[in-house]
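Working notes, beginning with the structure itself.
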Amino acid sequence: MKKTYAYLRVSTKEQHLDRQFESVNQYCKENNITIDERDIITDKQSGKDFNREGYQTLKNSLLRHGDTLIIKELDRLGRDMTMIKEEWQELQKKGVNIIVIENPILNTEGKTDLEKMLISNIVFELLSYMAEKERIKIKQRQAEGIALMQVDENGKRISSRPGKGAIGRPSITYPDNWSENYSNWKDESITAVKAMELLNLKKNSFYKLVNEYEVTYGITIKCSYDDQLKQKDRKVIYNNFKDKLYSKFSEKYKFSQPTNYGTYKICLGFTLIGMNDKKNEVRSLESEIKQLFGSNEEFNKFEVEISN
């Protein structure tokens, strides 16, 4: 005998299921569907995965081929759209019909196998895209909101919500004696532990500032030559170019020795050190290289790529 079940979920024990109960009962009433209260399965647990007692009982012990499962919204199944799609496909393989009250286009009851496949493959891709866009928007709003918060004397941001006060960790700034102790540490005049002590920094804070202070980049320079040039002539031009590049920029930018990948590409690394605007410095270097070599008539094509 085919049966109808409903699944309701909230994320915490403090939240209520009343609205979902009401929606399911109203839908069943309007569509002449009979559902027993004992067949309405509930969970009060996060939707991060499907390891929920109520849902696992429903899926593995109750649902049979030809049964119907009603949910109010798709996110009542879970939060991750990829996991929901996989779970949806498993229910389809079991022969379970699914009704999503708030998204009727997803309903599989009375649909052909082709229609069910289209729902699974096309609609879910669209919903995944929309969900990802929404997550990005939320993160952007959060970041913008945090950036606009005032900062107290300890460097902590102050929430405008009543009773919240200062939130989060204070932002880390470079101590006044940073440059001196950083240099001594790099020269091995003092140990990292001693540097942390002198700078009054914890280990995580110390290495976070180090990583921001010294950023390593990679440069890839691609060039092509006149097709009429012989291979040996190309190699001479290439080596001259490589030597000139290294001698001009290596001291200023602390380049590693260039690596030759064929006669068309040079790869090398460099590290920028300091509390400066590294993005502008990278753009400046890129511009310098292009100005110095880009107009060279020996090259048909000249490209510079810098990344970290």
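The values are calculated or read from the model by the stated rules, or taken from the named source; none is laboratory data. What you see is a predicted model; the values in this text were computed from it and never measured. All Cβ positions, glycine included, derive from the backbone under ideal geometry; neighbour counts span all protein chains shown.
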With respect to residue 64, is the statement that it is touching a residue at least 60 places away in the same chain (Cβ under 8 Å), in the same structural domain as residue 17 (by TED's automatic domain parsing) and surrounded by fewer than 18 Cβ atoms within 10 Å (Cβ to Cβ) true?
-> yes
Does residue 197 satisfy the criteria of being assigned to a loop (DSSP other than H, G, I, E, B), at pLDDT 85 or above and either in contact with a Phe, Trp or Tyr (Cβ under 8 Å, 6 or more places away or on another chain) or closer than 25 Å to residue 273 by Cβ (or both)?
-> no
Name the single residue, out of those in region 159-176 being surrounded by 13 or more Cβ atoms within 10 Å (Cβ to Cβ) and at pLDDT 85 or above, that is farthest from residue 144 (Cα to Cα).
-> 175
Restrict the check to region 110-127 and report whether at least one residue is of a type in the set (Asp, Glu) and either outside any helix (DSSP H, G or I) or closer than 25 Å to residue 15 by Cβ (or both).
-> no
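To keep it simple, each residue is scored yes or no on (1) acidic (Asp, Glu); (2) in the same structural domain as residue 71 (by TED's automatic domain parsing); (3) not in a helix (DSSP H, G or I).
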position	(1), (2), (3)
9	no, yes, yes
14	yes, yes, yes
24	no, yes, no
42	no, yes, yes
55	no, yes, no
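This table checks each residue for (1) closer than 17 Å to residue 8 by Cβ; (2) in contact with a Ser or Thr (Cβ under 8 Å, 6 or more places away or on another chain); (3) crowded, with 18+ Cβ neighbours inside 10 Å.
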| residue | (1), (2), (3) |
| --- | --- |
| 29 | yes, no, no |
| 70 | yes, yes, yes |
| 77 | yes, no, yes |
| 97 | no, yes, yes |
| 103 | yes, no, no |
